1. Hey, if you drop one equal point scatterer on each alpha-carbon of the chain and run the Debye formula without solvent, what base-10 log of I(q)/I(0) do you get at q = 0.10, 0.11, 0.22 Å⁻¹?
2. Along the charge dipole of the chain, pointing to its positive end and built from +1/-1 on Cβ of Lys, Arg, Asp and Glu, which listed residue (Tyr40, His76, Ala23) has its Cα farthest out?
3. Less than 11 Å Cβ to Cβ from Asp74, Lys/Arg counted +1 and Asp/Glu -1: what total charge do the surrounding residues give?
4. Add -39500 (n - 2.57) for each DSSP H run of 4 or more in the chain, then divide by its residues: what number comes out at 222 nm, to the nearest 500 deg cm²/dmol?
5. Need one number: nm distance between label points at Tyr22 and Leu63, each 7 Å from Cα along Cα→Cβ, rounded to one decimal.
6. On C-alpha positions alone, give me the angle between the axis of helix 3-45 and the longest principal axis of the chain, in degrees, nearest 10.
7. Just need the relative contact order of the chain here, percent rounded to a whole number, with Cα pairs under 8 Å and 6+ apart.
8. For the pairs Lys64/Lys99; Lys111/Lys136; Lys47/Lys136, note any where the Cα-Cα span goes beyond 26 Å.
Amino acid sequence: MYASTYLALKRAQDERDAAQNYARQDAEAAKGREELRNAYLKELNEKDPNNIFYSIDHIKGVLKAFYEADRNLDGHVTLDELMNFYRPTDQEACENILKCFREAEVDGNNKLSLGEFFILGFIGAERKEGYGKARKI
Ligand SMILES: [Ca+2]
Ligand SMILES: [Ca+2]
């Protein structure tokens, strides 16, 4: 076989491999987005008691924490950014942050989007912890 024919065949194979890789990455990303969507909807469809309220100040505080923690402004908060923001002083506080991060991080990209932070990290955590930050009337 001529070298140029071999090279052309090899290039075509490489291009097919690359296309398959992109297709696989796209499929994985789509699966991650679908998992996130399902997790968000599951959390948002949970029934809460009727007598609880969060002040707008508290909600703004949660959102402000996200934007302040996102130091590199990529729209996501990594575990490092979260640790830098909360600066835990003991092992227990450190483990709590890690636990919250792992619970909220659903799509596997190792960083929290605003949805993960707010819906899973705040709303979901509040539900699991008995609405500790809510005002009950
Ligand atoms: Ca960031
Ligand atoms: Ca994520």
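Please treat every number below as a calculation from the coordinates, not as lab data. All values derive from a computational prediction rather than experimental measurement. Every residue, glycine among them, receives a Cβ derived from its backbone with ideal geometry; neighbour counts consider all protein chains shown.
1. Treating every Cα as an identical point scatterer, log10 I(q)/I(0) equals -0.48, -0.54, -1.37.
2. The residue sitting most towards the positive pole is Tyr40.
3. Value of the local net charge: 0.
4. -20000 deg cm²/dmol
5. 3.7
6. 20
7. About 32 percent, as a whole number.
8. Going by Cα-Cα distance, Lys111/Lys136 fall outside the 26 Å limit.
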